[in-house]
Amino acid sequence: MDVVELVRLVRAGESDRALVERLGLNRRTVAKYRVWASERGLLEGPPPKAAAVHRLLAQTMPGALPPQQTSTVGAYREEIAELRQRGVEVAAIRVRLEERHGHPVSYAAVWRLVRRLEPAPPPEAMVRVEVQPGSQAQVDFGYAGQTLDPATGRPRKTWVFVMVLAWSRHLYAELVFDQRVETWLLCHRHAFAAFGGVPRSIVLDNLKAGIVRACLHEPAAQRGYRECAEHYGFLIDPNPPRSPHLKGKVEQGGVHYVARNFLAGREPTERIDDPNRGLRRWTAEVAGQRVHGTTQARPLERFEGVEQAALLPLPPAAYDPATWAQLRVARDCHLTFARAHYSAPFRLVGRSVWVRGGMLTVEVYTEDHELVTTHSRAEPGAWRTVLDHLPPEKVPGLVISREACGQQAHRIGQATAELVGQLLDHRPEDRLRSAGRVLALAATVGPER
């Protein structure tokens, strides 16, 4: 590398990073010669002659002329180029060279040679998009390390949900312990309540992204988000795949900002009795009061002064976060949703149904989207059974009891009561079902008979 070339590139406005990549030097060397050239006035006025630059360098920094960069892997240039054409990564190339030639090979040397063989393409021009107040919010999930679960006192993997209003840059953030669809929808409800209104569109990652991994890209789960959008009146605006820059306001000014500031330096064992209460306070007192680098204004002031009034009004009732699933009704006339069991009409046994699970209710729909029943939400392992859903001939045997049999027998007559009493008192076999069948005769032949 000729020092004249370095001076020429510095005069052209190249950054230290570009010089490192282009000349194969380290940052310290580039910085040293940039300072040297500036102090000697070589970066101003007409371009200096090459001979004058070398003479000045020899006078002021004897022996400091940057050596010609002779790569330790220069002899393998063609070999490396051939491996790169086959798609082999730099780390693998280093291993192959060590195996073939029997001596250690520097990863950095291979990387520098590859950069010279494959110069980086010029950056693509981008267009910055600014929006009107209340027209857009950007939303994302980001990994937040581990925090103590207040319920158990144990560290758990934690994610941070962030929604940023695109005009004011005011944000809502919430720490959660999972990325389920229910959590995703509930965080939206909390964000809209905190803002006191709803933006007209929500920009989020492509539907296969990690915010609700393995959920949002499935039609059954996506249906719940569409339902949420219809309830609040916002439009869903998903990004194309692999395009995080299209929602940079939440990528850099949201998730990364929260991670670098509120979450930075916290230990997994640090107890936070209510981490979201602290996060809300930080949002108002720190994030909302900073002077934003792009807008040059305080996000909370822009929000309260302009954007809050431009948001859509909240609906009268908050959305009940619901997930949808397509399930099959089992032979026992029940289906299993979220590890709890709910009955459905026996005519649907063996058929697929749509199930909408909210926080308070579980609704069952036919494939034609006809509502057939509604249950109260049950805990995992619990059963919700409506007797009318069962075959009529199966119900008597299900609800029969000794007390009911005795009472019905006495209403029929003394002889029936004595016979039923003998059946109920029989040991060791249980004659309850036999007593029930005797009593069933009253419906076919009459109590008198």
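Values quoted throughout were computed directly from the atomic coordinates according to the rules given, and no laboratory measurement underlies them. Keep in mind it's a predicted model, so treat the numbers as computed, not measured. All Cβ positions, glycine included, derive from the backbone under ideal geometry; neighbour counts span all protein chains shown.
Please arrange Val355, Val445, Val4 by how many other C-beta atoms lie within 10 Å of their C-beta, fewest to most. Walk me through the numbers before you get to the answer.
Values: Val355 22, Val445 9, Val4 18.
Starting with the residue having the fewest Cβ neighbours, the order is Val445, Val4, Val355.
Using the alpha-carbon centroid of each, what span in Å lies between segment 69-94 and segment 378-437?
For segment 69-94 versus segment 378-437, the Cα centre distance is 84 Å.
Note down the Stokes-Einstein diffusion coefficient of segment 300-339 in µm²/s, whole number, using a Kirkwood radius over alpha carbon pairs, 4 °C, and 1.567 mPa s.
Details: Rh = 14.8 Å.
The estimated diffusion coefficient comes to 88 µm²/s.
As an exercise, use a Förster radius of 41 Å and the Cβ-Cβ distance of Gln146 and Tyr107 to find the FRET efficiency, rounded to the nearest 0.05.
Details: r = 32 Å, r/R0 = 0.77.
FRET efficiency, Gln146 to Tyr107: 0.80.
Neighbour counts of other C-beta atoms within 10 Å: give me Asp16, Asp388 arranged from fewest to most. Display every interim value, and only then the final one.
Numbers: Asp16 15, Asp388 11.
In order of increasing Cβ crowding within 10 Å: Asp388, Asp16.
Please express the shape of segment 400-445 as an equivalent ellipsoid: the semi-axes are the square roots of 5 times the eigenvalues of the C-alpha gyration tensor, given largest first in whole angstrom. Kindly include the intermediate steps, with their values, before the conclusion.
Details: eigenvalues 53, 24, 16 Å².
Ellipsoid semi-axes (Å, largest first): 16, 11, 9.
How compact is segment 74-117 by the rule of thumb for globular proteins, expressed as Cα Rg over 2.2 N^0.38 Å? Mind showing how you got there, number by number?
Numbers: Rg = 9.2 Å, N = 44, 2.2 N^0.38 = 9.3 Å.
Cα-based Rg divided by the globular estimate yields 0.99.
Would you order Asp178, Asp368, Asp320 from fewest to most other beta-carbon atoms within 10 Å of each residue's own beta-carbon?
Numbers: Asp178 13, Asp368 6, Asp320 17.
Fewest-to-most ranking of Asp178, Asp368, Asp320: Asp368, Asp178, Asp320.
Which aspartates and glutamates have a Cα lying under 20 Å from the Cα of Lys32, excluding residues fewer than 8 positions away in the same chain?
Asp2, Glu5, Glu14, Asp16, Glu21, Glu44
Calculate how large, on average over all directions, the projected area of the Cα convex hull of segment 269-410 is; give the answer in nm² to one decimal.
About 17.1 nm², averaged over all directions.
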